[in-house]
Amino acid sequence: MKLPFNLRNFDGPLTRELVREPGKFGLGQVPSKVAPDATTTMVCGFCSTGCGLKIHLKDGQAVNLSAETDYPVNLGMACPKGWEALTPLAAPDRATTPLLRNEKTGELEPVDWERAMVLFCERFKEIKAKHGAESVAFLSTGQIVTEELAFLGALFKFGMGFVHCDSNTRQCMATSHVAYKQSFGFDAPPFTYADFEESDVLVFVGANPCIAHPIMWQRVMRNPHRPEIIVVDPRKTETAMAATQHYALTPKSDLTLLYGIANILIASGWIDRDFIAAHTNGFAEFAEFVTRFTPDHVAAETGIVVADLWRLTETIAQGKRVSFWWTMGVNQSHEATRTAQAIINLALITGNIGRPGTGANSITGQCNAMGSRIFANVTSLLGGHDFQNADHRAKVARVLGIPDERITSQPSLAYDQIVQGIEDGAIKGLWLIATNSSHSWIHQDRFNELLKKLDFLVVQEMYTTTESAQRADLVLPAAGWGEKEGTLINSERRIGLVKKVSRAPGQALADFHIFQLIAHYWGLGTMFTRWSSPEAAFQLMKEISRGQPCEISGIADYAHIDAAGGIQWPWSEVNAECKNPPAEWRERRLFEDGKFFTADGKAKMLFDMPRAVAEPTDAEFPFVLMTGRGSSAQWHTGSRTDKSDVLRKLAPANCYVEINPADAKRLGIGPGDEVSIRSRRAFITATAFVTSTVRAGQVFVPMHYRAVNRLTHAAFDPHSRQPSYKYCAVSVGPA
Ligand code: SF4
């Protein structure tokens with residue numbers, strides 16, 4: 001096969017490997033590990049549920065798929081996105097060659113990989129030489145495989161010598177990461193999906209699994225215990241409609257409500273004193289703190305009347321197996337971390353953790369948010385290690401075979417701080433990998449204006465048409481899910497396998513191989529020769545994880561993951577020594593022994609006074625704008641889901657706004673009318689969906705439409721630095 005780029009002057013080991021095995025670079029057939037006309041299994045690459053799919057091949061190419069019946073996650077079910085997972089690979093706007101912006105015409109024009117790599121390295125090296133190691137940053141994703149995340153973080157920080165990088169996990173799961181780390185000593189979601197079926201009370205706070213995680217919701221529907229399902233959400237979401245109790249609180253009063261529940265539980269003696277004494281720290285201070293959240297005060301702040309507050313609390317108190325679940329309604333808030341920890345505190349004081357059907361359980365968003373949180377080398381050093389800990393740095397350096405001093409203790413700026421760095425002129429170069437920040441970042445117009453200040457913007461992407469790719473100086477064409485191999489880690493810590501079942505189009509390369517090329521062209525010599533393939537990188541991750549709560553040293557290889565139906569961390573060599581693992585090991589939860597990952601083994605109760613929202617409503621902007629997922633057929637900015645005719649038919653094509661009938665009547669707005677929505681930052685139009693799912697004074701616009709983040713206000717949780725997408729002030733009127 002003729003290689004699509006000229007490597008005549010480059011006779012390193014990588015070139016020889018390219019010539020010998022072009023298929024590994026997305027250029028040939030699927031790997032011989034998968035028989036050409038077989039059916040093989042792999043996990044879905046959209047959301048963090050991590051469903052197992054059967055991929056049906058013909059002549060080595062995926063032609064169809066079906067849901068895997070024996071996978072412990074989805075048990076034969078898949079949502080519309082999963083069923084359509086192959087469709088986006090064939091989209092006509094795939095990036096098939098590197099593209100460079102012509103400075104004269106302003107157009108993106110094809111170049112070969114060699115030119116792209118030379119330019120990538122020259123331009124970023126120039127910026128580094130002129131402005132220092134802190135002047136180039138990357139923003140990546142929870143959408144690429146763990147091995148690629150680990151490679152990228154190691155390459156950028158240890159190899160290329162830069163400091164600042166972050167991921168779109170910051171928009172999604174940073175809060176859960178910080179909340180767990182502070183409370184439990186490690187970023188450790190404690191649950192397994194079997195808990196959905198084992199609870200007798202499930203409490204969903206700011207979570208709409210009917211839409212956002214439909215297969216998890218199916219697991220709830222399989223619960224044989226006739227559970228109480230409590231939804232705490234300002235909107236009457238699809239999940240709220242199906243729940244047994246819905247509490248439509250005032251937007252962003254959840255922290256007050258949770259403290260109020262704790263106060264009643266403690267004052268009424270509905271707590272597990274033995275568990276608290278044996279396994280927690282900080283209870284006395286927490287109990288004293290919450291006394292100020294009297295039922296009357298909570299009712300005034302949240303809009304939940306006192307009788308309902310008692311009913312909610314009593315339901316929790318009477319439950320034998322109570323599980324608490326949260327997602328973006330909590331995480332995307334100005335006081336997100338303390339809200340997540342208030343949920344954790346409820347589980348701790350009632351002893352609802354470490355037993356079947358219990359837990360303080362954060363549901364993640366992206367297919368590999370968990371991989372990004374632990375192995376991306378962004379906020380934590382690889383394997384959930386600490387950049388500040390010299391022993392951790394030495395351990396990681398030893399496993400990777402690099403000098404200790406290559407690993408800096410300097411922390412990275414968070415996403416919003418990188419954006420601010422662009423505004424301040426400190427960040428001059430930016431590399432976006434598999435994320436569409438120009439659509440998804442909060443206060444979008446500011447972000448896109450700031451991109452113009454950059455000296456060099458590289459976007460590594462599957463598609464040429466994303467809002468971010470359209471602004472790039474250089475586009476690197478990337479293979480997508482199904483065109484490469486690696487692992488994803490789902491919400492319940494299960495490591496699942498992704499395989500190459502389709503050829504990437506044109507010259508598109510797996511992100512892993514793009515990083516290999518960059519390592520070579522940057523001149524890093526032999527520093528990354530251990531990263532010879534995704535599976536070799538997985539072996540490095542295993543070694544790095546040794547002794548950590550997320551240890552995976554007992555997983556032999558990819559074949560082991562495949563045969564086991566995914567493997568939850570931790571899975572150490574102790575597990576591996578068990579020749580006949582009991583069936584229940586397929587679904588394991590953490591903290592069954594009551595030991596947390598803190599120094600003394602006890603969980604910490606953390607709390608703070610609630611703070612006012614960053615942008616309250618006023619006479620000029622009297623509505624609260626809430627954003628969120630619109631339908632189970634849409635995924636984030638629609639880069640992939642919009643490619644499917646089927647998925648497009650399952651959601652409105654145009655941006656719409658949910659508005660309460662009373663507000664609509666008062667403003668003279670009818671169903672289907674075009675309305676204007678204005679914030680202090682921008683003005684957009686949307687189609688009116690007149691519905692009582694939102695209360696008077698509130699409107700909701702799905703996050704998938706390009707316009708919505710023109711309106712949102714850039715406020716952040718101080719601990720996790722996660723953006724507060726769920727609350728800003730707008731005005732609404734007929735267009
Ligand atoms: S629920 Fe998530 S993982 Fe499962 S099929 Fe749908 S998108 Fe894929």
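Write down the percent of antiparallel bridges among all DSSP beta bridges whose residues are both part of the chain, to the nearest 5.
Details: 41 of 87 bridges.
Antiparallel bridges make up about 45 percent of those DSSP assigns within the chain.
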Inset, instruction - Find the centroid of the Cα atoms in segment 360-402 and in segment 219-234, then give the distance between the two in whole Å. - result: 33 Å
Legend entry - Alpha carbon centroid spacing (whole Å) that separates segment 658-696 from segment 585-653: 24 Å
Legend entry - Rounded Å value of the spacing that divides the Cα centres of segment 451-483 and segment 73-90: 25 Å
Inset, instruction - Using amide H atoms built 1.01 Å from N in the peptide plane, name the residues 5+ places from D166, or on other chains, whose amide H lies under 5 Å from its own. - result: F138, L139, S140
Legend entry - Degrees, to the nearest 10: 336-349 long Cα axis against longest axis of the chain: 60 degrees
Legend entry - Cα lying deepest toward the dipole's positive end in the chain, options S253, A284, P652, charges on Cβ: P652
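Arranged from highest to lowest average of other beta-carbon atoms within 10 Å per residue, in what order do the peptides 700-713, 39-52, 220-233 appear? Intermediate values should be presented prior to the final figure.
Values: 700-713: 22.3, 39-52: 25.1, 220-233: 18.6.
Per-residue Cβ counts within 10 Å, averaged per peptide and sorted highest first, yield 39-52, 700-713, 220-233.
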Legend entry - Listed peptides 449-462, 383-396, 429-442 by packing density, highest first (mean Cβ within 10 Å): 429-442, 449-462, 383-396
Inset, instruction - About the Cα centre of the chain, how large is the charge dipole given +1 on each Lys and Arg Cβ and -1 on each Asp and Glu Cβ? Please answer in debye to the nearest 20. - result: 680 debye
Legend entry - Considering only segment 632-735, percent of DSSP beta bridges that pair antiparallel, nearest 5: 75 percent
Inset, instruction - Taking the Cα centre of segment 190-362 as origin, work out the dipole magnitude from +1 charges on Lys and Arg Cβ and -1 charges on Asp and Glu Cβ, in debye rounded to 20. - result: 300 debye
Inset, instruction - Could you list which residues have their amide H under 5 Å from that of V690, counting only those 5 or more apart in sequence or on another chain, with H placed in the peptide plane? - result: I659, G672
Inset, instruction - Give a residue-ordered list of calculated ³J(HN,Hα) values for segment 309-320 (Karplus: 6.51 cos²θ - 1.76 cosθ + 1.60, θ = phi - 60°; whole Hz; x for Gly, Pro). - result: 4, 5, 4, 4, 5, 5, 4, 5, 5, 7, x, 8
Inset, instruction - Taking a cut-off of 20 Å between Cα atoms, list the aspartates and glutamates near K252, but don't count ones fewer than 8 places away on the same chain. - result: D233, E238, D296, E301, D308, E335, D608, E615, D618, E658, D717
Legend entry - Long-range amide H partners of L249 with built H, under 5 Å: D233
Inset, instruction - Determine which lysines satisfy two conditions relative to K181: a Cα distance under 20 Å, and not lying fewer than 8 residues away in the same chain. - result: K595, K602, K604
Inset, instruction - Sequence neighbours fewer than 8 away in the same chain don't count; with that in mind, list the lysines whose C-alpha is under 16 Å from K542. - result: K395
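Readers should treat all values here as calculations from the given coordinates under stated rules, not as data from a laboratory. On a predicted model such as this, the values are computed, not experimentally measured, just so you know. Don't worry about glycine lacking a Cβ; one is built from the backbone with ideal geometry, like all the others, and counts go over all protein chains shown.
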